[in-house]
Amino acid sequence: MSEFNLEAIEKTFTSYKKGELQSGVVVFKREDGVIFNIGGKKDAFIDKSDFDNFDDIKIGDRFKVMVLGTNEEGMIIASKSQADIAIVGTQNAQKLKLGSKFSFVPIGNDYGLKGKMGDYEIFVPREEIGEHRVDAKKLIGKQCEAVVTEIDKENKKIVASIKLLQQQTRLANEELFWKSIFINKIVKGTVKKIMPYGAFVEVGGVDCFIHISDLSFDKIQNPSEVIKEGEEYSFKVIEVDRENKKVKLGLKQILPDPMIDKIKQLKIGEVYEGEVIKILAFGAIIKLGNGVTGLLHISNVTERSDANIYEFVKLGQKVNVQVLSTQPEEKRVSFGL
């Protein structure tokens with residue numbers, strides 16, 4: 001009769017690794033969870049919180065679980081919900097083809113980003129993490145989108161590129177942008193960089209420009225007096241150069257023009273004091289105290305057909321003028337001397 005060998009018997013039991021999937025059956029149900037036999041020396045425990053429908057679970061139910069580790073008593077801790085996620089992940093990975101777009105959550109950054117999709121390993125090389133330089137560590141634990149560049153189904157490995165997907169998305173956005181952009185269109189844009197003379201604004205993934213003179217009706221020294229980097233605003237498209245891929249925006253063009261209100265406040269026939277700020281061949285430009293400018297035509301100064309305006313007014317001279325007509329929307333005012 002052969003000698004009883006406990007060590008040899010123990011070797012016949014399966015050993016379990018964290019993260020692997022095992023099939024088994026519910027052998028006992030407790031208030032806090034179930035005891036799940038996976039065919040080895042030790043049964044596993046699944047907490048009731050792991051089930052969506054714990055009340056429906058009964059002895060004899062068979063399904064797959066994922067090994068999570070062991071507790072203080074040495075019992076294996078398993079999870080049905082995480083096994084379900086892994087199974088779906090494997091199924092999704094098997095459906096992927098070259099060029100397919102997919103999402104994953106990086107779990108490491110050794111020479112690039114690493115992740116898992118069920119049984120498949122995901123790897124994004126360091127040079128493929130993004131179009132621009134990015135700290136790979138900051139992407140760990142966050143959902144990322146990438147495109148498949150290599151598939152090794154035998155070894156269950158997928159190589160992908162975030163940069164290539166970003167390039168594809170950018171080109172698609174640019175194509176859509178140039179098809180839909182036109183003068184006077186109101187767009188939303190994010191201020192990317194402020195310069196002393198204006199700012200670069202991203203609209204639909206395309207960089208546009210707004211000059212400091214188109215930010216406000218008031219005279220400002222720096223664009224930061226009106227807009228802030230990182231903030232989103234509405235702008236009006238005032239120039240489109242498709243050949244050179246340039247778009248000029250305006251902010252004040254969608255704001256109420258205070259000059260229109262000032263012109264509306266003027267009374268026809270009323271006399272106001274102003275200053276001659278420019279001499280023209282056919283008259284002079286007069287600026288009133290409230291900032292409104294208008295034309296003093298030579299015909300509204302004298303009936304002489306051979307007269308010159310400088311016979312009656314001089315540059316910088318203070319004069320009293322009468323409002324003859326106004327066109328607020330066109331910002332036009334006509335004066336008489």
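Scanning segment 211-244 for residues that are touching a helix residue (DSSP H, G or I) at 6+ places or on another chain (Cβ under 8 Å) and under 24 Å from Glu175 (Cα atoms) yields a total of 5.
Taking segment 135-182 as the range and being among the hydroxyl-bearing types (Ser, Thr, Tyr), within 16 Å of Glu202 (Cα to Cα) and over 16 Å from the mean Cα position of the chain (by Cα) as the test, only Ser180 passes. If you take the residues of segment 238-267 that are aliphatic (A, V, I, L, M) and within 12 Å of Val292 (Cα to Cα), which of them is least open to solvent (accessible area, probe 1.4 Å)? In this case the residue turns out to be Ile263.
Applying the condition of being open to solvent by 40 Å² or more (accessible area, probe 1.4 Å) and assigned to a strand (DSSP E or B) to segment 268-284 and asking which residue is nearest to Leu324 (Cα to Cα) yields Val271. Taken over segment 155-174, the criterion of being part of a helix (DSSP H, G or I) and within 21 Å of Ser100 (Cβ to Cβ) is satisfied by Ile162, Lys163, Leu164, Leu165, Gln166, Gln167, Gln168, Thr169, Arg170, Leu171, Ala172, Asn173.
What do you reckon, is Ile212 within 30 Å of Lys262 (Cα to Cα), without any contact (Cβ under 8 Å) to a residue 40 or more places away in the chain, open to solvent by less than 40 Å² (accessible area, probe 1.4 Å) and touching a Gly at 6+ places or on another chain (Cβ under 7 Å)?
Taking the combined requirement at face value, the residue satisfies it.
Okay, residues lined up against (1) assigned to a strand (DSSP E or B); (2) open to solvent by 70 Å² or more (accessible area, probe 1.4 Å); (3) at positive phi; (4) among the β-branched types (Val, Ile, Thr):
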| site | (1), (2), (3), (4) |
| --- | --- |
| Met66 | yes, no, no, no |
| Ala78 | yes, no, no, no |
| Leu98 | no, yes, no, no |
| Gly115 | yes, no, no, no |
| Val124 | yes, no, no, yes |
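The values are calculated or read from the model by the stated rules, or taken from the named source; none is laboratory data. Note that this is a predicted model, so its numbers are computed, not measured. Here Cβ is always computed from backbone atoms with ideal geometry, including for glycine, and neighbour counts include all displayed protein chains. Ligands, DNA and RNA are stripped out before the accessible areas are found, and what is left, the full protein with its side chains, is counted by its heavy atoms. Shrake-Rupley method; radii C 1.70, N 1.55, O 1.52, S 1.80 Å.
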